[in-house]
Every structure is written in C-alpha cells, then in structure tokens.
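The values are calculated or read from the model by the stated rules, or taken from the named source; none is laboratory data. Predicted, not measured: the structure shown is a model, and the values here were computed from it. Using ideal geometry, Cβ is built from the backbone for each residue, glycine included, and neighbour counts are taken over all protein chains shown.
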Amino acid sequence: MQSIYYERARDAAEALRLAQQDGARFIAGGTNLLDLMKGDVEHPLRLVDITHAGLDRIDELPGGGLRIGAGVRNADAARHAVVRQRYPLLAQAMLSGASAQLRNMATMGGNLMQRTRCPYFTDTAFSHCNKRQPGSGCDARQGYQRMHAILGASPACVAVNPSDMSVALAALDAVVLLRGRQGDREVALRDFHRLPGDTPQQDTVLQPGELIVAIDLPPSRMARHSHYLKLRDRASYAFALVSVAAALDMDGGVVREARIALGGVAHKPWRRPEAEAILHGRPLDDAQCRAAAQRLLEGAQPLDGNRFKVELAQRAIVRALRIAGEGA
Amino acid sequence: MPDRRSFLQSALAAVGATQVPVAASASQPAAPAVPAAPPQPVRLNINGRDYNLSLEPRVTLLDALREHIGLAGTKKGCDRGQCGACTVLVDGRRINACLTLAVMHEGQRITTIEGLAQGDKLSPMQQAFLEHDAFQCGYCTPGQVCSATALLDEVRADGAGFTDDEIRERMSGNICRCGAYPNIVAAIREVALRRS
C-alpha cells in the first residue's frame, strides 16, 4: 500500500477543513477504501479520520422518524431497538451484508460510499475499466457476466452497487444529509447513487469535499409488512445476485401503498413508482405481484451470462411481496 | 540458520521480484509521487499492556501486531478482509485487523489470541476448540477463536439463539480451508450452552 498522511478530525467542521487538502479522502470503517488501496485501485494522499467527529448518534425525529449518524457502525444500527421495531427491513438488509467483523467496522456513510464495482474494476490485471481509468474501455462486458447489471447499464460500465443497506434505504424513502463548505443539503437516497452513463467513475452525486453527516428515515407504516430477500451463490457473506426490499402498507387484505427496491441488478438501487402503483388499492394476489415485477424489470438488457437474472428477479419480487404481505 | 519466518520472507521477496515486469506492463494509473509520510508515535493498548510504537500511518493494525510488536498469533490470510484469519477484538468487538490502520486505534482496548488465556489457563473457547478438534492445520484458528468469543456476546445482545444455523451464519466471516466447520460449530455451541 502506498504511503499516506493521516489526520483525525474532532468534529464535522474540522473534517471539512482537512478535506480541502490535495488528495484528501475521508476514512471511517475503511473496509472498502483500504481494500481498494491495497489493490492499487484507489490512491488517496491523505486520510481524514472521521470516526471521532461526533457523527455516531441515533436520534428520534419529531413525528416518528429516525436520524442515523453517518458514523454509526452498521452492526450498531442493525441492533438498535428503534431500527428493529420501526424499520426491520433495514436491520434485515444490513445483517445480510458482509460479515460480522465488517459490519462492526463499516459505517452508515461508508456503506453509501463503497464503490459501485465489479471484479474487472478491483483487479488491475485487467487494463480496460472506464470506472478505474476513464476512457480505457470495459473488459467486464465481454468477461464473466454473472454478477453484472441488467438494468440502467451503459456501454461504458456494467457494474453493480453491492450495498444491501442502500436497497432497503431506497425502499424506505431515506434522505441523505450532506454538509459542504457552502452549507448543508439533502438528497433522496434514490438520487444519491448514479447510473453510469459516460462517467462511470462517479458512483454518487456527492461533490468533492462534501461529507455525509446522517441518514434520515421518515416515519414508516410498513414495519409489519416488509421483507428483504437476498439471493446469492452461497448462503452467507456474498454479494447478491438479486435482492429485493419489499414493504407494504396494508389495509386488511388490501395494499394501501407498496415499495419495491431491487439490488444486484444496476449501478444503484432500482425502484420504479409505476410498478408499485400496480399494487395500490388491490388485494395482494400473485397476478398483481407478477405484473408489478414485470413492470419493474421492463427494459432489462441482460448479457448472455446473466440472462437468468431477469426471471430470477421477477420471481424474487413475487416471493418477497408474498412474505411481506403475510406480515411479522 | 534462518528461522521459518525470515526464510519465508526472503522467498516471498524473490517471488515479488520476478513479478515486477508483469505488474509494470499493465497500464495503470501510478500512485502520485509525494514524499512518504514519516513514522509517527502511536500508543496502542494490547492485551492490557501499553505499547509505544513508531509507525507510518499506512501500517495496518495487523502488521503492527505481527511485524512491530511481535505478536504473531494473529494471522495474515488474504489481507483483504475476506478470510477472517486476522480477527481481533477491539473494545470487545470483533474486527478484521487487516482492513484498519493501527493509528486509528489509539485509546482502545485491543485483545488478540495471545490475550484470551489467563496465564496458563486457556479461555473456555480455546479449551473447547481443543476438545472438539476444531481445526486441522490451525492457521485460521486464532481468528476463529477470537471471532467465536465475540459471537457469544453478540448473540446474547441480539436475543437470538445458539442454533447451529445461527452460529454458522454469524461465523461466515471466518474461512477454514481445512473444512473443520462441523467441529468449530460444535465447540462454539458447547461453550454457549454451558454459559447460558
């Protein structure tokens, strides 16, 4: 690993000031950044440690929402009593990701900032990667395609965002709170990650020097009817081939409101309100679930090696909705 | 007569040297040339003892333990957070020592495999691994034992049960190439049930 300078920020203001320096990056859990530095993929010159910057609080918001500090460790958020009670979907998704050790290290903000990536990005033996080296091409598209995106990809990039947490947050309409030199701003989680387009090197809309301070969860009426279904090549500690965050607001047997977010299929969590609307105001039956699933996958452009994901995702959606509908 | 470690290091250095032309031929963005960050004082508390070290910021907790302090019980497997051989406890929580910088852990209590026993008396988890023959080559064992030690508290905090499936899921961050998993699960189950 290359040489790096290290500074510890005592609060968010100091973190923002230190991040102005050339080649500076924030570090929290470090589980993705240090891994990519060891792999010669990321090359920060200095790391600004924000684990002592006072960003690790979880506070209830007026009206029933919850604010989770960016520095809260994934394991602590998943274990938090209010998260488990009001947002079991989020707890379930987070506990399905990574390993216990990594969840003890990784933070909420760091989880959002983990690179959207494929093995051709992380392995520098492959010289063509538009995400690693803009304009160099894409070895992934003609390579081993099993894990690649089937929705929203571009000729430049077929990588998938591997975060389980973000899929649940997308379904829960979470909001990311950002702080920069010019002040604070809020970005809906659904808009935080980008599709690759011609600039796959940019995973998110975060501006240089900007800091994630917290994630807000609005009040949810879907705690009783939610389910995170993750399908993968081994039972634990693997990225999703396809995952589904399903949440329902039920009025008796009728769906008042539905949310469906997909993971493992795109450069960002995949949601489509018109697919969810198919379920609104009707009983939750298999035909409606299949119709919603079909709509959510509309326009999928699979490659030869991941064509199975289109059918797999639709079946996973139906199953996740059915389990969510049965209730906790 | 070189000891095993120095022999392996020189052997690995030779392997590294032969691979240099291969690495150089790949057109990668080179790390920008800047003066290396100098070593700085780092004070770590490990197994109840304070160590005053001089470390470059890039030194991982794992390398600090093994190369700078001489506590080689914590193992380097993949060095990329995938195998769990480097699992240690920081303020009682299990983490991968390979994916964190030593300098980030000043002021915390670090416990390694060397710190689990009380003198010559093995910890209950160490003893159970012995009794259940929960290893073959033993390389992953320090990480397995540290991980399993923290697992006991986590399961209790979560109000979960100690079923075999629960133990397997929660130990999935520790890989055993010899495949000693059934006996590892048995050892953990026994300690968990004896304690509860």
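Counting the residues of the range A:57-82 that are within 13 Å of another protein chain (Cβ to nearest Cβ) and farther than 21 Å from B:E169 by Cα gives 2. Looking at B:Q118, B:Q144, just one residue is among the polar types (S, T, N, Q) and surrounded by fewer than 21 Cβ atoms within 10 Å (Cβ to Cβ), and that residue is B:Q118.
Of all residues in the range B:149-168, those that are under 21 Å from A:A235 (Cβ atoms), modelled with pLDDT under 95 and in a loop (DSSP other than H, G, I, E, B) total 3.
The rows are residues; the columns are (1) within 12 Å of chain A (Cβ to nearest Cβ); (2) touching a residue at least 24 places away in the same chain (Cβ under 8 Å); (3) among the β-branched types (V, I, T).
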{"residue": "B:I110", "(1), (2), (3)": "no, yes, yes"}
{"residue": "B:G115", "(1), (2), (3)": "no, yes, no"}
{"residue": "B:L122", "(1), (2), (3)": "no, no, no"}
{"residue": "B:E131", "(1), (2), (3)": "no, yes, no"}
{"residue": "B:F135", "(1), (2), (3)": "no, yes, no"}
{"residue": "B:G143", "(1), (2), (3)": "yes, yes, no"}
{"residue": "B:G159", "(1), (2), (3)": "yes, no, no"}
{"residue": "B:T163", "(1), (2), (3)": "no, no, yes"}
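Hey, does the range B:58-68 have a residue that's facing chain A (nearest Cβ under 8 Å) and in a loop (DSSP other than H, G, I, E, B)? Scanning the range B:58-68 turns up at least one residue that is facing chain A (nearest Cβ under 8 Å) and in a loop (DSSP other than H, G, I, E, B). Among the residues of the range B:177-196, the one identified as of a type in the set (D, E, K, R) and in contact with a Leu (Cβ under 8 Å, 6 or more places away or on another chain) is B:R195.
Taking the range A:94-143, which residues are in a loop (DSSP other than H, G, I, E, B) and within 27 Å of A:V175 (Cα to Cα)?
Correct list: A:S96, A:G97, A:A98, A:S99, A:A106, A:Q114, A:R115, A:T116, A:C118, A:K131.
Those residues that are buried (at least 20 other Cβ atoms within 10 Å of the Cβ) and without any contact (Cβ under 8 Å) to a residue 24 or more places away in the chain, I need them from the range B:165-180; list them, please. Once the filter is applied, which keeps residues that are buried (at least 20 other Cβ atoms within 10 Å of the Cβ) and without any contact (Cβ under 8 Å) to a residue 24 or more places away in the chain, the range B:165-180 yields only B:R170.
Okay, residues lined up against (1) of a type in the set (G, A, S); (2) outside the structural domain of A:R307 (by TED's automatic domain parsing); (3) crowded, with 23+ Cβ neighbours inside 10 Å:
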| site | (1), (2), (3) |
| --- | --- |
| A:Q133 | no, yes, no |
| A:S154 | yes, yes, no |
| A:S166 | yes, yes, yes |
| A:V175 | no, yes, no |
| A:A188 | yes, yes, no |
| A:G197 | yes, yes, no |
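Restricting the search to strands (runs of 3 or more DSSP E) fully inside the range A:224-313 and requiring at least 2 residues that are in contact with a strand residue (DSSP E or B) (Cβ under 7 Å, 6 or more places away or on another chain), without any contact (Cβ under 8 Å) to a residue 60 or more places away in the chain and under 25 Å from A:A91 (Cβ atoms) gives A:254-263. Cβ-Cβ contacts under 9 Å between residues 6 or more apart (or on different chains), taken from a first residue in the range A:156-177 that is at positive phi to a second residue that is in a loop (DSSP other than H, G, I, E, B) and surrounded by fewer than 24 Cβ atoms within 10 Å (Cβ to Cβ), are listed as A:D173/A:P218; A:D173/A:S220.
Which condition number in (1) part of a helix (DSSP H, G or I); (2) at the interface with another protein chain (Cβ under 10 Å from one of its Cβ atoms) is the one that B:P38 fails? For B:P38, the exception is condition (1).
Within the range B:104-162, being in contact with a Phe, Trp or Tyr (Cβ under 7 Å, 6 or more places away or on another chain) and of a type outside the set (S, T, Y) holds for B:F129, B:F135, B:V145, B:V155. The set of residues from the range A:120-136 being more than 11 Å from chain B (Cβ to nearest Cβ) and either more than 22 Å from the chain's Cα centre (by Cα) or without any contact (Cβ under 8 Å) to a residue 60 or more places away in the chain (or both) comprises A:Y120, A:G135. Considered as a group, the residues in the range A:58-90 that are in contact (Cβ under 8 Å) with a residue 40 or more places away in the chain and more than 26 Å from B:V155 (Cβ to Cβ) include one that is surrounded by the most Cβ atoms within 10 Å (Cβ to Cβ), and that residue is A:A70. Checking each residue in the range B:84-108 for being part of a loop (DSSP other than H, G, I, E, B), at the interface with chain A (Cβ under 10 Å from one of its Cβ atoms) and crowded, with 23+ Cβ neighbours inside 10 Å picks out B:G84, B:C86, B:T100. Scanning the range A:36-56 for residues that are at the interface with another protein chain (Cβ under 9 Å from one of its Cβ atoms) and crowded, with 23+ Cβ neighbours inside 10 Å gives a single hit, A:L47.
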